[in-house]
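Have a look at the structure below before the remarks.
The values are calculated or read from the model by the stated rules, or taken from the named source; none is laboratory data. Everything numeric in this text was worked out from a predicted model, so none of it was measured. All Cβ positions, even for glycine, are placed from backbone atoms using ideal geometry, and neighbour counts span all protein chains on display. Accessible surface is based on the protein model in full, side chains and every heavy atom, while ligands, DNA and RNA are left aside. Shrake-Rupley method; radii C 1.70, N 1.55, O 1.52, S 1.80 Å.
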Amino acid sequence: FEPPPPSSLKEQQPSMVRARRWSVGLVLGALAAARPEGKPRLRRNLADVELVAEEPPVEEVAPVVEEPVAEVLVEEPAEVPAEVAVEEAAPVVVEESPAEEEVLPAAVEEAAEDAGVAVASEETPLDGGASSYETLAAEAEALVEKLKAALAEETQLLSALNEKLAALTGAPVVEVATEVAGPVAATPVVDAAALPEPTAENRLLRAATWNMAAINNNPFEYWVTYEGDEGADYLKLMDQVSTFLSEPGAGDVLASEVVTDAMVDELLQGMVELGLATPQDVDAVKAQWTTDLSQRHIVAEVLKDPTLGSKRLISMPDRVTNTIQLADGSAWNRPSVINCYRGGDLATLEAWWPQWEGFFFDTPLEVDAGEPKKVPAAMLTPISKAKYPEITDDEAAMSIPLSFVALAAFDAILVNVVNTAAAKAAVDWQGLRATMCAALNDRKNDRTAEILETPELYGGAMDVIFLQESSITFKELAESRTLGRDLYDVYAPSSLDPNRDQNSLILLKRGAWGPATDVTDKVRGVLADRMDGAPSPAGLGDICAYEAQRTLDGKTYILASFHGDTNGLATIPVVDAVHKYRKQQDDPRPLLFGLDANTHFSDATPTKLAYVGDFAALVASKGMQTCYGLDSSKYEYTTFNARTYLQPQLNKAVKAADKFTDVMVDRNPKDFILFYADDLKLAAPTLKDNTGDGTFEVDVMFPTLVFPSDHAISRAVLVDAGAADLGVAAAAAAAEGWPMRMLVVTAHAEVVGTGGCEAPRPAWEGRGDDDADESHRNAPTPPPLQRRLRTSRRGLDPGVVSPTRSGVHRRQHAGDHRVSEAR
């Protein structure tokens, strides 16, 4: 091994104190053996051990970056093995020098004694000159080999024991990593020869992709995982809404009982005064209201009428006025159930109506800086028959006032429905909405940034992060805080859409890459050529492509982020365009491509919905790989969401009881990282995260109040395609971003029944959070001959069974940080 310089040892003090004591003695002995000319002296004082070095200086190396850890107590053998002991007649001592001193803690001296290495005091002679420095160096060298042999024997015994336990339980071998501080060579369970040298050619490259999903104005639109007492109230409310809209009975009244003729007259008169409707338009709309819309039942013939949706008579004005972003960065909400309106009480139709009418006519708003202010009613836009052919010519001609009246009816009906449901459920729906808006809307960007700043997980731990559906506001926020100021450089395409808020971004770890060059327009140019005159399937901001040189290996990478259309039909053309762009380069470059492909498990309608099997076949035909492999039958979902009944498209709504079975549930494999198989390969299994803390909870819909996106994060660890295989255990350890480890096999596991799914779990799994914390807090004080082994905050368990408040779920994760005991 390469002994570290004294300054490095000093910087590693916290790790040294917690590490195996023999490892420190090993380092000290090796230092003596490695410095035959400098002959530094180790001197024992009352409070510390000082290491004094002479020239020639030792080359500096980067200090080990310490991670937050939990300590696990493991009993130490009562005696040091005889074969590892060093004869007292030959203590490791070298002479003192007046050069600059580096100080190590007193615990190092104890560590050296435990290892069998004598550390002399200032008065200790060199055994009367009986031992030469060369002899001592040889003895230290032999000590190194003996300690390594003892460790190898210990590892073999633990491995054999674990295999016996696995045979008894019928479960696979479970491994847990324990770091050995300092530069001591680790002895893994796998063959040491299988571990590659940490060279520039095979250094790990960590990447993540996440469709962070731009802010959704309606907190009720999708089913949300909501825990606690308020979560129970949320389920009661949504259940009552579903019941009412599924079986309204006598509650399915005529629209005229919710919106009166007088209310319609007021709206149309205001449109005339603004010049948005002619008297002829008013007469036509009033006639259609009187003879048609007002005579419809509010549930069966208004909310559930698919033609109102296909004509966009409700969704178009809702899109424009639901939440208006103002020039000063604030938002102006329409008084409606389906946004975060906080301007007044909506408990009754009588309270709601003056607020709704005043919103549209009373307050001019500055939407674009420097542009004239206008009231929301003046922001309504006509509906094009060319784009929406279902609308009739007459309806298109009067679409602004007609859609205005239809929107008023829609909002009034929802106010009526949600207040009726809330009364039956005995819950405060406006209070629930306020809590949801705070988590899902007001703090969505902040929470997204917090997740990406999480230390050891995403905050500086990834070499590159691909984001999709980002707003310009989020980009500006990221650049103003730690995420973009200290951890990553944030790159957006030059051709983005400032209004659409569905832009793709690339985050490059600071110091890991050279300056990046925007090649988005070049990729879009290749895509345009491929489409041969047809409209581009990718909108502005959907594609973000850059080239950057990686500092570690000097290679220039093509880095791309892409957000596919809802049905995923743009994905294959865009992947093909990126492939063609790469082929056009004189020196084909490694590619990392994070994307929301919007692919689907079902192949029933491949011309309408992108089938993931076709996607995998295309990727394979280009010589690429995905972070989840090429066998689409083994892909797992990265989205799990469904619409509720409190949104405009009731034909897509799903009942709570049908969240796992309804065909309208979006539970599909959509998010991938692509790379060329000739350039890179996976060093460890790709992990998913739908909690924000690195774990993935199965059968839990997202977003949740702590995870603000409807897409899971996918994070992969890659290595050069020509690097030696790391082996499963070593790769998993490497995937966690820790330095060299010793892999210790756990000697205790228990099998937990999970209704058809069984898996081993460590002894500490399965206890409530409070129990685990209390157990750790009340752990006995370790006796002198116990040693503290440092365990990672996240271990190597890729899929343990863990009970949660909502039942027993299989959690795919990198371990549980609430570790309180190990056996």
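Do any helices (runs of 4 or more DSSP H) entirely within segment 269-387 hold 3 or more residues that are within 23 Å of Glu221 (Cα to Cα), and if so, which?
Details: elements: 279-291, 306-310, 315-321, 349-361.
Result: 306-310, 315-321, 349-361.
Being exposed (fewer than 14 other Cβ atoms within 10 Å of the Cβ) and of a type in the set (S, T, N, Q) is the requirement here; does Thr291 meet it?
Numbers: exposed (fewer than 14 other Cβ atoms within 10 Å of the Cβ): yes; of a type in the set (S, T, N, Q): yes.
When the stated conditions are applied, Thr291 passes them.
For Leu457, state whether it is more than 14 Å from the chain's Cα centre (by Cα) and within 16 Å of Asn690 (Cα to Cα).
Details: more than 14 Å from the chain's Cα centre (by Cα): no; within 16 Å of Asn690 (Cα to Cα): yes.
When the stated conditions are applied, Leu457 does not pass them.
Among the listed residues Lys522, Lys509, which satisfies the condition of being more than 22 Å from Trp210 (Cβ to Cβ) and modelled with pLDDT of 95 or more? Break it down stepwise before answering.
On the way: Lys509 fails: more than 22 Å from Trp210 (Cβ to Cβ).
From the options Lys522, Lys509, the qualifying one is Lys522.
Can you name the residue in segment 369-396 that is open to solvent by 60 Å² or more (accessible area, probe 1.4 Å) and in contact (Cβ under 8 Å) with a residue 60 or more places away in the chain and is also farthest from Gln325 (Cα to Cα) among such residues?
Asp394
Can you find, within segment 659-678, the residue that is modelled with the highest pLDDT among those that are basic (Lys, Arg) and open to solvent by less than 50 Å² (accessible area, probe 1.4 Å)? Steps first, please.
To start, the set of residues in segment 659-678 that are basic (Lys, Arg) comprises 659, 667, 670.
Narrowing the set further to residues that are open to solvent by less than 50 Å² (accessible area, probe 1.4 Å) leaves 659, 670.
Values: Lys659: 84, Lys670: 97.
Out of the qualifying residues, it is Lys670.
Out of the residues in segment 603-614 that are of a type outside the set (A, V, I, L, M, F, W, C) and exposed (fewer than 13 other Cβ atoms within 10 Å of the Cβ), which is farthest from Asn668 (Cα to Cα)?
Across segment 603-614, the extreme among qualifying residues is Thr607.
Mind listing whichever residues of segment 369-398 are under 39 Å from the mean Cα position of the chain (by Cα) and charged (D, E, K, R)?
Selection gives Lys387 alone.
Among Ala642, Ala617, Ala656, which is open to solvent by 40 Å² or more (accessible area, probe 1.4 Å) and over 13 Å from Phe672 (Cβ atoms)? Walk me through it before giving the result.
Details: Ala642 fails: open to solvent by 40 Å² or more (accessible area, probe 1.4 Å); Ala656 fails: open to solvent by 40 Å² or more (accessible area, probe 1.4 Å).
Criteria check complete, one pass: Ala617.
In segment 570-602, what residues are farther than 20 Å from Pro537 by Cβ, among the basic types (Lys, Arg) and either open to solvent by less than 40 Å² (accessible area, probe 1.4 Å) or not in a helix (DSSP H, G or I) (or both)?
Across segment 570-602, the qualifying residue is only Arg589.
Condition check: open to solvent by 10 Å² or more (accessible area, probe 1.4 Å) and basic (Lys, Arg). Does Lys622 satisfy that? Quick ask: steps written out before the conclusion?
Details: open to solvent by 10 Å² or more (accessible area, probe 1.4 Å): yes; basic (Lys, Arg): yes.
Yes; evaluated as a whole, the condition is true for this residue.
Looking at segment 447-457, which of its residues are surrounded by fewer than 21 Cβ atoms within 10 Å (Cβ to Cβ), assigned to a helix (DSSP H, G or I) and out of contact with any helix residue (DSSP H, G or I) (no Cβ under 7 Å at 6 or more places or on another chain)? Don't jump to the end; show me each part of the working.
Our first condition is that a residue be surrounded by fewer than 21 Cβ atoms within 10 Å (Cβ to Cβ); within segment 447-457, this holds for 447, 449-450, 453-456.
If we keep only those that are assigned to a helix (DSSP H, G or I) as well, we get 447, 449-450.
Of everything in segment 447-457, those that are surrounded by fewer than 21 Cβ atoms within 10 Å (Cβ to Cβ), assigned to a helix (DSSP H, G or I) and out of contact with any helix residue (DSSP H, G or I) (no Cβ under 7 Å at 6 or more places or on another chain) turn out to be Arg447, Glu450.
If you go through segment 603-636 one residue at a time, how many are of a type in the set (Ser, Thr, Tyr), assigned to a loop (DSSP other than H, G, I, E, B) and free of Cβ contacts under 8 Å to residues at least 40 places away in the same chain?
Taking segment 603-636 first, the residues of a type in the set (Ser, Thr, Tyr) are 605, 607, 611, 621, 626, 628, 632-633, 635.
Filter again for assigned to a loop (DSSP other than H, G, I, E, B), leaving 605, 607, 628, 635.
Of the ones still in play, those that are also free of Cβ contacts under 8 Å to residues at least 40 places away in the same chain are 605, 607, 635.
So the count comes out to 3.
Under 6 Å by Cβ, and 6 or more places apart or on different chains, what pairs join a residue from segment 656-668 that is farther than 10 Å from Asn641 by Cα with one that is open to solvent by 50 Å² or more (accessible area, probe 1.4 Å) and in a helix (DSSP H, G or I)?
Ala656/Asp239
Scan segment 215-242 and report the pairs whose first residue is within 16 Å of Ala642 (Cα to Cα) and whose second residue is open to solvent by 30 Å² or more (accessible area, probe 1.4 Å) and part of a loop (DSSP other than H, G, I, E, B), with Cβ atoms within less than 8 Å and a gap of 6+ or a chain change.
Short answer, once both residue conditions are applied: Tyr222/Asn216; Tyr222/Asp710; Trp223/Lys659; Val224/Leu705; Thr225/Leu705; Thr225/Ser806; Tyr226/Leu705; Ser242/Lys655.
Hey, could you check segment 194-214 for residues that are in a loop (DSSP other than H, G, I, E, B) and at pLDDT 50 or above and say which is nearest to Leu507 (Cα to Cα)?
Met212
What is the number of the single condition among (1) over 21 Å from Pro382 (Cβ atoms); (2) surrounded by 20 or more Cβ atoms within 10 Å (Cβ to Cβ); (3) among the acidic types (Asp, Glu) that Glu366 does not meet?
For Glu366, the exception is condition (2).
Hey, could you check segment 508-546 for residues that are closer than 15 Å to Ser561 by Cβ and in a loop (DSSP other than H, G, I, E, B) and say which is most open to solvent (accessible area, probe 1.4 Å)?
This residue is Leu540.
Just to check your reading of the model, which residue among Val285, Val264, Val259, Val241 is within 30 Å of Lys659 (Cβ to Cβ) and either polar (S, T, N, Q) or buried (at least 20 other Cβ atoms within 10 Å of the Cβ) (or both)?
On inspection, the qualifying residue turns out to be Val241.
Being farther than 22 Å from Ser561 by Cα and not aromatic (Phe, Trp, Tyr) is the filter here; which residues of segment 685-715 pass it?
Thr691, Asp693, Thr695, Glu697, Val698, Asp699, Val700, Met701, Thr704, Leu705, Val706
Among all residue pairs at least 6 apart or on different chains, which show Cβ distances below 6 Å where the first residue, located in segment 319-347, is within 26 Å of Ile400 (Cα to Cα) and the second is crowded, with 19+ Cβ neighbours inside 10 Å and of a type in the set (Lys, Arg)?
Thr321/Arg334; Asn322/Arg334
How many residues does segment 630-639 contain that are surrounded by fewer than 16 Cβ atoms within 10 Å (Cβ to Cβ) and in contact with a helix residue (DSSP H, G or I) (Cβ under 9 Å, 6 or more places away or on another chain)?
Qualifying residue count, segment 630-639: 3.
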